[in-house]
Amino acid sequence: MNAITAPETRVLTQNPLLDFADLPLFDGIRPEHVQPAIEALLDRANAALETVTADPFPSEWRQMAQVLDVATERLGRAWGAVSHLNAVADTPELRAAFNAALPLVTEFWTRLGADERLYAKYKAMDPAALTPEQAQAHRNAIRGFVLGGAELQGAAKERFAAIQERQAELSQKFSENALDASDAYAYYATADELDGVPDDVKAATRAAAEADGKAGHKITLKLPCYLPVMQFGRDRALRERLYRAYATRASDQAVGDAAKFDNTALIREILALRQEEAELLGYPDFATVSLVPKMADSPEQVVIFLRELAAKARPYAQKDQDDMRTFAAAHLDLTEPQAWDWPYIGEQLRQVRYAYSEQEVKPYFTAPKVLQGLFHIIETLFDVRIRPDQAPVWHPGVQFFCIERHGHGMGDGAAQRVGQFYLDPGARNGKRGGAWMDDVRARWLRPDNGQLQTPVAHLVCNFAEGVNGKPPLLTHDDVITLFHEFGHGLHHMLTQVNERDVSGISGVEWDAVELPSQFMENFCWEWDVLKHMTAHVDTGEPLPRELFDKMLAAKNFQTGLQTLRQIEFALFDMLLHSAQAPRHADGVDFMGLLQQVRDEVAVIQPPAYNRMAHTFSHIFAGGYAAGYYSYKWAEVLSADAYAAFEEAAQTTGTTLDPATGRRYREAVLEVGGSRPAMASFKAFRGREPSIDALLRHQGMA
Ligand code: ZN
């Protein structure tokens, strides 16, 4: 390892990325700091790895953490600061510095996760010498190594590595085909064919045709074009033409030149490799492997869950479809609706029955009032105070807060810091879109100095700025997003776990991590809570009840059909990766399986040429293989957790019930990843999750 020479030390001590005394020095970090800081921290992390994996070093949790975890945590925090700035305050110089360092950082984490000497050290540890939190972190670490092939030897090990590499290539090619197939399609429509399509879409498609030197309107399969044409376009032939092109993308059914993007062979190879990988690891199928680090126990449990939900949703989906049929016959002169008619009928029906304008809602949701309401909920439920705090920031619009709890039975009532967070609410140039929570540092009883490090979080949104000196106005979707991200933030910041790798959201099962975030969204649909969070920007009046009722009705429009569609995808995904998947000479008969699942679940059967699987990137090119169910799974958990607050309201009169809030905080938020999510859920609800609350919240009860 590089010895750090004296002059280098002098330079490095002035580098704000190497200052770990407290909060990141966001106002002083410059692009030129990135490379020297990250290289120095990588050198130290590599040196730490060599130290702890050397023969004489003891296989002892605390001693290893003092050397290795301290070094990797510094690398993680510095890189976290750079990544954060890259996301919220992008400049060409910073982007270049970020991109130059990224491969080095990625390479280190990959190597660390596959280091066999490190695995041997962890394996040699005496589990009896670990605290319960350390034991959980230790089990997670061992599991990660084993699923990464660390137990394999010789030819099996080589084959495992080759499978990983080939899968990465195939996934990449799958995405490229899906994208290229979409991009390759264009149809130049006449103005008449676009009857009913919104004016902004007409203008954009006209401009696109002009750019190609063509007459008419260029219609593509990209969603901002495809969706409005399918929802609003009155020309049935155009909808059918477009539907067929969309539904056959990247498949054997694609017409003409687009056939070269067929994903059929890739799907077969990916599935075969996943099965082989599972067998190498000693499991019956890939579905079982996928569930090892997740909350769900087995593929059978997930399949039973999905089928139960499908059975409950089906009558509502049937009713949704019947409503559309009746409406289409009476008002649209459509008697035999086809696949390309349903989005159109659905949109026309929605407009007639549930239309309200987002512009009507927005003036009631002023940013300061919403934030005040959110803080009030958190303070009431979780026995904390949120107050403004000071920290170096990257933009004047960024706010910084401290979460405190006042001592109980300690006489002086001194406030104790629980955590801190940055709130960066506004959209601006150089800031990535969307909303997210990220950690700045985790709660950790530091092994190097014995001090308790409190957690710090980023909460980032992209709300529009206020105009004419008025406060920013949020859409109701913005409000839901804010609550969602705060749910993740509370999970990170209210933790009482002292072990870094299982504190807050660290170590939480992937299919349970959205529980606290989706849980918070429920308050945005609670009239007694919401009315206190609204004040018209001009009059100060709260949101009118009639408007809220319209919003609620629109929220539950066609939830039956939407639920069945998600279950169709989830059930197909889980069965596809299980040993029971039907097979023929070419491997897994995935089209046969898809038809079987549709026969079982769907109320609307697509045409035989539909090839949804060929662009199902979540499972063939994303991280959702045998994991798509987790969307519904987490919705059930969060709805059922929230139902405890609704039950409390029946006696206390409000969902903002401090006693229930305390139980939720202690059972779910505080324990973070230190125990299985199912154990936390049961500790809170006294039983396993039930689907009833979700069905009720979505109007299916
Ligand atoms: Zn989330």
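Some observations on this one:
- By the Kirkwood approach, averaging reciprocal distances over each pair of separate Cα atoms, the stretch 615-701 gets a hydrodynamic radius of 14.5 Å.
- Here R111 and T475 are evaluated by their C-beta separation; at R0 = 45 Å the FRET efficiency comes out at 0.50.
- Distance between modelled label sites at A464 and A330, nm, 7 Å Cα→Cβ extension: 3.5 nm
- Too-long pairs where the Cα-Cα distance tops 21 Å, listed order kept, from K431/K632; K294/K632; K222/K260: K431/K632
- Distance between the C-alpha centres of the stretch 292-346 and the stretch 491-566: 24 Å, rounded to the whole angstrom.
- Charge dipole of the stretch 77-150 about the Cα centre (unit charges at C-beta), most positive-ward option of N86, L112, Q134: Q134
- In plain terms, the chain from Q351 to E176 could stretch by 59.4 nm, reckoned as 0.36 nm per residue minus the Cα-Cα distance.
- Note on L547 and T190: the model spin-label points, each 7 Å out from Cα along the C-beta direction, lie 4.4 nm apart.
- Gyration tensor (alpha-carbon) shape descriptor, the stretch 250-375, a/c threshold 1.5: oblate
- Cross-link partners for K531 among the lysines, with Cα-Cα distance under 17 Å and sequence neighbours closer than 8 places in the same chain left out: K362, K369, K550.
- Here the extension length gained between E279 and V537 equals 86.7 nm, from 0.36 nm per residue of separation less the Cα-Cα distance.
- Computed over protein heavy atoms with a 1.4 Å probe, the carbon and sulfur contribution to the accessible area of the stretch 472-547 reaches 46%.
- Each principal axis of the Cα cloud of the stretch 585-630 was taken in turn, and the coordinate range along them, longest first, works out to 29, 28, 16 Å.
- When the Cα positions of M295, H406, Y316 are compared along the charge dipole of the stretch 288-434, H406 comes out farthest toward the positive end, with charges on each C-beta of Lys, Arg, Asp and Glu.
- Heavy-atom surface of the stretch 345-402, accessible at 1.4 Å and reported per residue (Å²): 46 Å²
- Within the stretch 403-500: Cβ-based charge dipole about Cα centre, in debye rounded to nearest 20 (Lys, Arg +1; Asp, Glu -1): 160 debye
- Relative contact order %, the chain, counting alpha carbon pairs below 8 Å whose residues are six or more apart: 15 percent
- Reference-scaled alpha-carbon Rg (2.2 N^0.38 Å with N residues) for the stretch 170-279: 1.28
- R0 of 45 Å, Cβ-Cβ distance D383-E60: FRET efficiency to nearest 0.05: 0.75
- Of interest is the spacing of the C-alpha centroids, which for the stretch 651-688 and the stretch 401-477 amounts to 22 Å.
- Total formal charge among the other residues, if their Cβ is under 11 angstrom from that of D323, Lys/Arg +1 and Asp/Glu -1: +2
- Assigned charges on the beta-carbon of Lys, Arg, Asp, Glu; the chain dipole about Cα centre (debye): 360 debye
- Of the accessible area of the stretch 575-617, computed with a 1.4 Å probe over protein heavy atoms only, carbon and sulfur atoms account for 51 percent.
- Computed label-point distance, nm, for sites E358 and R241 using a 7 Å Cα→Cβ extension: 3.0 nm
- Three-way shape call for the stretch 345-394 based on the alpha-carbon gyration tensor, with the a/c threshold at 1.5: prolate
- By DSSP, the beta bridges lying fully in the chain are antiparallel in about 80 percent of cases.
- Sequence-distant residues sharing a close amide H with F400 (under 5 Å, placed H): D389, L423
- Percent carbon-and-sulfur accessible area, the stretch 261-419, ignoring ligands, DNA and RNA, probe 1.4 Å: 51 percent
- Estimated dipole of the stretch 545-701 in Debye, rounded to 20 [Cβ of Lys and Arg +1, of Asp and Glu -1, Cα centre]: 240 debye
- Shape of the stretch 70-186, Cα gyration tensor, a/c cut at 1.5: oblate
- Of A101, V70, S171, farthest towards positive along the dipole that unit charges on Lys, Arg, Asp, Glu beta carbons give the stretch 51-198: V70
- The tail of the calculated P(r) for the chain, taken as Cα-Cα distances beyond 32 Å, holds 60 percent of the pairs.
- Rolling a 1.4 Å probe over the heavy atoms of the protein chains gives the stretch 17-63 an accessible area of 47 Å² per residue.
- Euclidean distance between Cα centres, the stretch 183-229 to the stretch 583-599, Å: 36 Å
- Straightening the chain between L104 and D22 buys 27.0 nm, computed as 0.36 nm per residue apart minus the Cα-Cα spacing.
- All lysines inside 24 Å of K157 as judged from Cα atoms, apart from same-chain residues fewer than 8 positions distant: K121, K123
- Surrounding net charge for T110, when Lys and Arg each add one and Asp and Glu each subtract one, Cβ distance under 15 Å: -3
- The stretch 355-474: radius of gyration over Cα atoms, expressed as a fraction of 2.2 N^0.38 Å: 1.29
- Rounded to the nearest 5, the antiparallel percentage of DSSP beta bridges internal to the stretch 330-475 is 75%.
- For the stretch 142-294: accessible area per residue (Å², 1.4 Å): 48 Å²
The values are calculated or read from the model by the stated rules, or taken from the named source; none is laboratory data. This structure is a prediction, so every number in the text was calculated from the model and none was measured. Backbone-built Cβ (ideal geometry, glycine too); neighbour counts: all protein chains shown. Ligands, DNA and RNA are stripped out before the accessible areas are found, and what is left, the full protein with its side chains, is counted by its heavy atoms. Shrake-Rupley method; radii C 1.70, N 1.55, O 1.52, S 1.80 Å.
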